[in-house]
Amino acid sequence: MTPTAYIVDDSEVDRYTARRRLTKSQRFDPVLEAADGLGFVDLFLAREAVGAEPKPLVLMDINMPQLDGFATLRALRQRLADLGQGWPLIAVILTSSDAEEDRQRAQDDATVADYMTKPITKEDVERLLRTHYG
């Protein structure tokens, strides 16, 4: 069974690049997109069966209008807690900058599994697959 992948980014170009990389890997089906955090939370809760294996992958942009990537993950965590559910995904923070404070913030957040700079490369996808999907 292949995991679902979600790309959450307000940049259409960055979503396109990530979608191409994930689709070319042939390891994710489907690859879904959301242009903002609120849209992602609703999409995720409507589609995912919590506890399903393999866990879905979420590539989350750090800087978006309304809710940034961290606020989006907090919102999802709260909605899941309200439903009595645990954390059912692999969240990867994506950023255009390589600021140490962002990297540290991602490292300190228990819901974040990985951190990458954009644009996502073929090697990034291969590393994600090795690290999180065996």
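Around the amide H of LEU67, modelled in the peptide plane, lie the amide H atoms of GLY37, LEU38, all under 5 Å away and 5 or more residues distant in sequence or on another chain. In this Cβ point-charge picture (+1 for Lys and Arg, -1 for Asp and Glu), the chain has a dipole of about 520 debye about its Cα centre. In the chain, the calculated helix contribution to ellipticity at 222 nm averages -14000 deg cm²/dmol per residue, counting -39,500 (n - 2.57) for every DSSP H run with n ≥ 4. The residues of region 1-59 have, on average, 52 Å² of accessible surface per residue, using a 1.4 Å probe with all protein chains present. Net charge in the neighbourhood of VAL8 (other residues with Cβ under 9 Å of its Cβ; Lys, Arg +1, Asp, Glu -1) is -4. The stretch between ALA52 and ASP108 holds 17.6 nm of extra length on full extension. This uses 0.36 nm per residue minus the Cα-Cα distance. Comparing ALA91, ALA34, ALA46 in a Gaussian network model of the chain, where Cα atoms under 10 Å apart are tied by springs, the biggest mean-square fluctuation is seen for ALA46.
Given the options ASP108, ASP68, ASP124, which has the most mean-square fluctuation in a GNM of the chain, springs set between C-alpha atoms less than 10 angstrom apart? Taking springs between Cα atoms under 10 Å, the residue moving most is ASP108.
The values are calculated or read from the model by the stated rules, or taken from the named source; none is laboratory data. As the structure is a computational prediction, the values presented were derived from the model and not from experiment. Don't worry about glycine lacking a Cβ; one is built from the backbone with ideal geometry, like all the others, and counts go over all protein chains shown. Heavy atoms of the whole protein, side chains included, go into the accessibility calculation; ligands, DNA and RNA do not. Shrake-Rupley method; radii C 1.70, N 1.55, O 1.52, S 1.80 Å.
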